[in-house]
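Engineer: Questions regarding the structure given below will be posed in turn.
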Amino acid sequence: MSDEVIVRAGANAKPVQKTLAQRLLGEQAMVDFGESLGGACQGRRAVVFLEGDLGMGKTTLSRGVLKSFGHHGAVKSPTYTLVEPYEFSTARVYHFDLYRLGDPEELEYMGIRDYFEGEETLCLIEWAEKGGMFLPVADIVVRISLIAGGREVTVVANTVVGAEIIAALEADLEFR
């Protein structure tokens, strides 16, 4: 499945042809997909929006992403703290959950821009639509929806980095 996505880079905007869709059956399949996604993101600075209704598996997917970096502990949704930082020898991963955000401006007060700095920083953001103009453009958007017996995950690139992530993800999924 392929859709045209416009890279938002001002006057130099150009179309990126990258979309990936996968059917996942069961929680372990979501964790495994997240682990592949995390591997595809390594070595890059990336912003990933996670979209889906409550209970769709956004935090489960995040658990897989973190596992790819070497995390083996519990992963909870940072619903009340807004962000949970994870430090690894090769990267920093920030897991945001903006579900309970009262006003997007709160992100400015907490220094949200600082989280997006650094060469090997990955930001996973649940409920990004609540962040308004205080969030950067996502490199990829991961949409999770309910299907019979599981979930469908659609990954859409918004940037060249996002297209590179999807290409690496496709290559990894071919070998699983």
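What follows draws every value from the coordinates through simple rules; no lab data is involved. As the structure is a computational prediction, the values presented were derived from the model and not from experiment. So basically every Cβ, Gly included, is an ideal-geometry build from the backbone, and we count neighbours across all protein chains shown.
Engineer: Just to be sure I understand: of the beta bridges DSSP finds with both ends in the chain, what percent are antiparallel, rounded to 5? Write out the running numbers ahead of the final one.
Structural biologist: Numbers: 22 of 37 bridges.
Percent antiparallel among DSSP bridges in the chain is about 60.
Engineer: Additional query: May I ask you to derive the relative contact order of the stretch 24-171, considering only C-alpha pairs under 8 Å and at least 6 residues apart, and to give it as an integer percent?
Structural biologist: 31
Engineer: For the stretch 72-176, taking Cα atoms only, what is the radius of gyration to one decimal and the Dmax to the nearest whole Å?
Structural biologist: Final numbers for Rg and Dmax: 15.1, 44 Å.
Engineer: If a/c stays under 1.5 just call it rounded; otherwise compare a/b with b/c (prolate if a/b is bigger, oblate if not). Do that for the stretch 55-102, with a ≥ b ≥ c from the square roots of the Cα gyration tensor eigenvalues. All intermediate terms of the calculation are to be shown ahead of the outcome.
Structural biologist: On the way: a/c = 2.58, a/b = 1.51, b/c = 1.71.
Oblate, because a/c is 1.5 or more while a/b does not exceed b/c.
Engineer: Compute the separation of the alpha-carbon centres of the stretch 40-89 and the stretch 155-169 and state it in Å as a whole number.
Structural biologist: Using only Cα atoms, the two centres lie 17 Å from each other.
Engineer: Test of understanding: extend the Cα→C-beta vector of Gln28 to 7 Å, then name every residue of the stretch 66-89 with backbone N under 20 Å from that spot.
Structural biologist: Residues 66-75 fall inside that zone.
Engineer: Another question, if that's okay. Could you grab the relative contact order for the stretch 55-106? Cα pairs under 8 Å, six or more apart, rounded to a whole percent. Spell out each step's value before the answer.
Structural biologist: Working: 45 pairs, mean separation 14.9, N = 52.
Contact order relative to length: 29 percent.
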